[in-house]
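The values are calculated or read from the model by the stated rules, or taken from the named source; none is laboratory data. Just so it is clear, the structure is predicted and the values come from calculations on it, not from any experiment. So basically every Cβ, Gly included, is an ideal-geometry build from the backbone, and we count neighbours across all protein chains shown. Heads up: the accessible areas ignore ligands, DNA and RNA and are worked out on the full protein's heavy atoms, side chains in. Shrake-Rupley method; radii C 1.70, N 1.55, O 1.52, S 1.80 Å.
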Amino acid sequence: MPTQLRVAVVQFAPKLGQVQVNIAKARELCKGLKPRSVDLLCFPEMIFSGYVFPDTAAITPYLEHPHTGPTSTFCAELARSLECFVVAGYPEKLEAHEHAPPLGGNSLSFHQPRIGANSAVMYGPTGERVGAYRKTNLYKLDLPWAIPGSGFTTMMLPHPLGPTTLAICNDLNVQDPAVWESLEEGPYELARHCIRSGTRLLILLNAWLHPDEDGEESEPDADSVDYTTPEQNEDTDEMEPSWEVMKYWAMRLNPLWATIQKATHQLESEKKPGECKIPNELLVVVCNRFGNEGGTRFAGSSVLMSLRRGSGRPRLLHMMGQREEGIGLWTANMAGQEHDN
C-alpha cells in the first residue's frame, strides 16, 4: 500500500565564499518548519560555499572536514531539531593520503594537486550521520581540484524513504570515456544503477546551469519527452520553472519510465543474475540552486518527479521557478516495495 513521503527542498542563490552568510540564509528559510513536519530536507550541491572556483588554491579555504565542517554541523543540528533526514552538498577536504596529482594540460588550473571532493552528506532524525557520497562524474569546474568518487551507492533507509540513491548534478550525464549513442541505447549509468539496486527514491543535489550557459545538457533530444504536469505553463518568466532543464533531467532517466519494450531493450544486454528487478515506481527529488557566480548562471527549477515503469512518460508532481527563493514543501505517494518480474 502506498505511503506518503514529505519532502522539503530548499532553493536559493548562495553568495560565493560566504559560508556563514549562506548558512544563515538557509536557517532563515527553514525557520517555519516544525519538528516531524517533513521526512526529508534537501539542500543543493556545494550550497554554502558556492560552486565556481577556478582552481585548488581558490577553493582550499572552503574545503570542509566531512564530520566537523560547517555543512555537517549545520545539517546534524537541523536534522536533530526537525527530527528528519537532512542532506546537503559541500566541498570535502581530503586526507593527505587521498590527494591526487595535477591533471596537467594547457590550463594553469590543472597544474595544482587535487585535494578535495565534491561531496554530499546525510544526517538522520537523531542527528546521526547516516550516509555520504562523492560525485562520480565530475563536471569541468570540478576537475582542477576534486577527485571522483568510487561509484554510485544505495542506502537502505527507514520507512518511508526506503532504498535511496544519492547523486550530484553531472552524475546524471554520460560518464567518460563513454559517449552518447542514441535515445534507445544511452548510456544511462545513473538510471541503470537505480534499476539494479531497486532504488525507490533518487535524490539529486545540483548546481545545474541555466540552458543559456555552456552547460551539461548536450546529448539527448529533450524535446522528445512527453510528460504530465499539474499545470504546465510555457511562460518564459523566470519565476516559472525551466521546462527545457526539467525535460533534460527526465530524459536522462529514460529507462525508468520508458515503455516496457524500450526498457527491456535498454537493459537486456547488461542484466546479470541476482540483480533487482526494475522497480514499479521511483520518486526523484532534484534540488537545484539559482543565481550567478563569475558570469555562470544557474537554473533553479527544483522538481519532484514520479517515474513509473512502462508509463511512457514521467510525471512532474511539484516544481519551483528558475529564480524562486524559498522551500518547496511537497508530499507524494511512495509506492510499495514490490517489483515487476
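Couple of notes before you dig in:
- Flag set for C84, criterion: open to solvent by less than 40 Å² (accessible area, probe 1.4 Å) and either more than 22 Å from the chain's Cα centre (by Cα) or over 15 Å from L166 (Cα atoms) (or both).
- Extreme residue, most open to solvent (accessible area, probe 1.4 Å), among residues of segment 147-166 that are among the β-branched types (V, I, T) and more than 21 Å from V38 (Cβ to Cβ): T153
- Considering A120, A146, the condition of being within 16 Å of the chain's Cα centre (by Cα), among the aliphatic types (A, V, I, L, M) and under 29 Å from E98 (Cα atoms) is satisfied by A120 alone.
- Residue in segment 167-218 that is surrounded by the fewest Cβ atoms within 10 Å (Cβ to Cβ), counting only those that are acidic (D, E) and in a helix (DSSP H, G or I): E189
- Test: residue in segment 143-164 that is in a loop (DSSP other than H, G, I, E, B) and in contact with a Cys (Cβ under 9 Å, 6 or more places away or on another chain): yes
- Of all positions in segment 31-40, at least one carries a residue that is closer than 26 Å to Q322 by Cβ and in a strand (DSSP E or B).
- Scanning segment 24-64 for residues that are open to solvent by 70 Å² or more (accessible area, probe 1.4 Å), closer than 24 Å to E293 by Cβ and modelled with pLDDT of 95 or more returns R27, E28, P61.
- Y139 being without any contact (Cβ under 8 Å) to a residue 40 or more places away in the chain and buried (at least 17 other Cβ atoms within 10 Å of the Cβ): no
For every residue, the table says whether it meets (1) part of a loop (DSSP other than H, G, I, E, B); (2) out of contact with any strand residue (DSSP E or B) (no Cβ under 7 Å at 6 or more places or on another chain); (3) free of Cβ contacts under 8 Å to residues at least 40 places away in the same chain; (4) not β-branched (V, I, T).
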residue: L16; (1), (2), (3), (4): yes, no, no, yes
residue: I23; (1), (2), (3), (4): no, yes, no, no
residue: M46; (1), (2), (3), (4): yes, no, no, yes
residue: V52; (1), (2), (3), (4): yes, no, no, no
residue: T68; (1), (2), (3), (4): yes, yes, yes, no
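- Looking only at residues in segment 90-134 that are part of a loop (DSSP other than H, G, I, E, B) and in contact with a Ser or Thr (Cβ under 7 Å, 6 or more places away or on another chain), the one that is surrounded by the fewest Cβ atoms within 10 Å (Cβ to Cβ) is P113.
- Applying a threshold of 6 Å to beta carbon distances and a minimum spacing of six or more residues, or different chains, the list of pairs starting in segment 326-340 at a residue that is closer than 12 Å to L40 by Cα and ending at one that is loosely packed, with under 13 Cβ neighbours inside 10 Å and at pLDDT 60 or above reads T331/Q4.
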